[in-house]
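Q: Quick one: the structure is below, and I'll ask about it shortly.
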Amino acid sequence: MTMDAHWTDGYVTDIGYTHGYYPQLNPARLQLALAAVGLDSPVVHSACELGFGQGLSINLHAAASAVAWHGNDFNPAQASHAATLAAAAGSTARLSAASFAEFCDNETLPQYDFIALHGVWSWISAANRDVIRRFVEQHLKQGGVLYISYNTQPGWAAFMPLRDLLLRHFDMPANAGLSSSERIDAALDFATRLFATNPVYLQANPFMQERLELLKKHSHHYLAHEYFNRHWHVQSFADMADMWSASGLQFACSADFRDYLDLANLSQSQQQFCGELEDRYLRQGVRDFMVNQQFRRDYWVRGAQPLDPVHHHAVLAQQRVVLLTTPAHIPMTLKTVATEITLNQLIYGPIIAVLADLQPHTLGEIAGIVGNRNIGLQQVLDALMMLIGCGHAAPVQSDDNRAAGVAASAALNRHLLARAAQHGDIEHLASPVTGGGVPADRIQQLFMLAVLEQRQTPQQIIDFAWHHLAVQGKTLIRDGQLLASDADNLDEMSRLAQQFFVERLPLLQALQVI
């Protein structure tokens, strides 16, 4: 297949997408997310991810559970990388390199309990968005869930004129012989020189100077796909609601668990204002103004079914959760979409203490243990939604799914650990406990690889990890400073190893990552 204009459809293809992991794509999160707002959720047997990028998320989810995954990405290099991961895991994931039109028009595809898209909605043409909308209409089961994330107003309003200028510079005929990376650098330099003239636009939006500086710190892999695609679409929640309602879907809730607790995101007057709005869709749009929302992550349901009060309480009480961060490293200040909040130690402390054994516990069990501190099920739910939303905890999947994911998770993780000897771009491993990805940076992966390759003494493990960094010219950072000498790097590696084997490894073992 030639990479002509029709194939790329205005999408940057000479720079691969990042190897990020997106937990909102994990079906194991659905029951808690929907139950938290009083809705029933499907048991997910089949799922589909459209535009899976490098394929890390879909492969972690396919390996770590019994869910049958289909997926596509029209970039052959990315699809090939994803297929390599699937083969290493020995999972049942069926991945293809196809355009949205080619994939979505395949009449042999089944009905799905869960269809997911992360980010791609904002980067594709109107024609492709229409293809996806029809695909969802035809292939999402009754009761099924759609996850879709997208750039939204009003958070992007001030940036859109600058983005249009950046893209115009990127596409200038004079840049025809340059790579995308070179074009990105040239466009950012152009914007810097433009801002140096102090245009009235910058005077009216002074925070855009900081925004431009932040752009310069991102990798080309991120910038190319986030800002420099030909199609770049910012859509309001109201427009999304009109479209998906016409397709028979209803908005369920945010897939960002941090959004669940209004107390953590809105002032008292803002909460009161939103609470007086009877139209829940208008309330979502108003809330976006309150927090200056830039990026929405939403769950939509075909035929949402409310839980009756008794069943609702029972479903919440039976939800199991587990920590992803050891208690000592959970910060007491967490970042929400709009601000930072300080956790109430009197509530969070006892709840985290119950989970400190690193084993799954139900919300009902936790509430029973901390009840003598006047902490009820609702407060336990509120706290866990915030901890999950900030990446410090996760829902636990069913025992059947957990058992089904053990072998493929182990195989995929072994492949990823071996890959860490040469690359540091994948920082998650598969957990059959959560059905998804668990953070593990390259240094941690090298420590695990050293053990798997029979390095037995602490010094052998430290030397092994440092060798793989040193041969690539990498050095460690301590207190914000690059370490120059081997002795300093080995000293820091020793500290990291001590911390890993004492604190992090027991948690990874409890999550069945290794």
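Q: When only C-alpha pairs under 8 Å and at least 6 residues apart count, what is the relative contact order of region 357-514, in percent?
A: Numbers: 143 pairs, mean separation 31.3, N = 158.
Dividing the mean separation by the residue count of region 357-514 yields 20 percent.
Q: Give me Rg over Rh for region 295-336, both radii from the alpha carbons and Rh done the Kirkwood way, two decimal places. Could you put the intermediate results ahead of the total?
A: Numbers: Rg = 16.1 Å, Rh = 14.4 Å.
Taking Rh as the inverse mean 1/r over Cα pairs, Rg/Rh reads 1.12.
Q: In Å², what does the accessible area per residue of the chain work out to with a 1.4 Å probe? Don't skip to the end; give the middle numbers.
A: On the way: 22150 Å² over 514 residues.
Solvent-accessible surface per residue comes out at 43 Å².
Q: Taking a virtual spin label 7 Å from the Cα of F295 along the C-beta vector, which residues in region 318-341 bring their backbone nitrogen under 20 Å of it?
A: 334-341
Q: Report the accessible area of Y22, computed with a 1.4 Å probe over the heavy atoms of all protein chains in place, in Å² rounded to the nearest 10.
A: The accessible area comes out at roughly 50 Å².
Q: Starting from the Kirkwood Rh over alpha-carbon pairs, what translational D in µm² s⁻¹ does region 272-346 have by Stokes-Einstein at 20 °C and 1.002 mPa s?
A: Taking Rh from Cα pairs, D becomes 130 µm²/s.
Q: How high is the relative contact order of the chain, given as a whole-number percent (alpha carbon pairs under 8 Å, six or more residues apart)?
A: Relative contact order here is 19 percent.
Q: Could you work out the Kirkwood radius for region 80-214, taking every pair of different alpha carbons, averaging 1/r and inverting it, reported in Å?
A: 18.7 Å
Q: If you take the Cα Rg of region 408-459 and divide it by 2.2 N^0.38 Å, with N the number of residues, what do you get? Before the final figure, lay out each step's value.
A: Numbers: Rg = 11.0 Å, N = 52, 2.2 N^0.38 = 9.9 Å.
For region 408-459, the normalised Cα radius of gyration is 1.12.
Q: A further question follows. Any idea what the dipole of region 283-369 comes to, in debye rounded to 20, about its Cα centre with Lys/Arg Cβ at +1 and Asp/Glu Cβ at -1? If you can, show how the numbers build up before the last one.
A: Details: 7 positive and 6 negative charges, 68 e Å.
The calculated dipole for region 283-369 is roughly 320 debye.
Q: Using Cα pairs closer than 8 Å and at least 6 residues apart in sequence, work out the relative contact order for region 27-147, in percent. Before the final figure, lay out each step's value.
A: Numbers: 192 pairs, mean separation 32.8, N = 121.
That works out to 27 percent.
Q: Expressed as a whole number of Å, what is the distance separating the alpha-carbon centroids of region 79-142 and region 149-210?
A: 31 Å
Q: How big is region 54-116 in terms of Cα radius of gyration and Dmax, in angstroms?
A: Cα-based Rg and Dmax for region 54-116 come out at 11.2, 29 Å.
Q: Further, regarding this structure: At what distance in angstrom do the alpha carbon centres of region 277-292 and region 446-463 lie from each other?
A: Each part reduced to its Cα centre gives a spacing of 52 Å.
Q: Carbon and sulfur atoms: what percent of the 1.4 Å accessible area of the chain do they account for? Could you put the intermediate results ahead of the total?
A: On the way: 11810 of 22150 Å².
Summing carbon and sulfur atoms, their accessible area is 53 percent of the total for the chain.
Q: Find the eigenvalues of the gyration tensor of the Cα atoms of region 181-276, then list the square roots of 5 times those eigenvalues as equivalent ellipsoid semi-axes, largest first, in whole angstrom. Before the final figure, lay out the partial values.
A: Details: eigenvalues 235, 88, 39 Å².
Computed over region 181-276, the values are 34, 21, 14 Å.
Q: To continue, here is another question. Counting Lys and Arg as +1 and Asp and Glu as -1, each charge on the Cβ, what is the dipole of the chain about the Cα centre in debye, to the nearest 20?
A: On the way: 33 positive and 48 negative charges, 58 e Å.
Once rounded to the nearest 20, the dipole reads 280 debye.
Q: Of the labelled options (1) 27.4; (2) 25.8; (3) 31.9, which one gives mean projected area of the Cα convex hull in nm² as computed for this structure?
A: The value matching this structure is (2).
Q: Next question. In nm, to one decimal, how far is the T84 label point from the T339 one, both placed 7 Å along Cα→Cβ?
A: 4.6 nm
Q: Right, next: Write down the Å³ per residue value for the convex hull defined by the alpha carbon atoms of region 239-390.
A: Details: hull volume 20.5 nm³, N = 152.
Given the Cα convex hull of region 239-390, per-residue volume reads 135 Å³.
The values are calculated or read from the model by the stated rules, or taken from the named source; none is laboratory data. From a predicted model like this one, the values you see are computed outputs, not experimental measurements. Cβ atoms come from the backbone with ideal geometry, glycine included; neighbour counts cover every protein chain shown. The accessibility values were calculated without ligands, DNA or RNA, using every heavy atom of the protein model including side chains. Shrake-Rupley method; radii C 1.70, N 1.55, O 1.52, S 1.80 Å.
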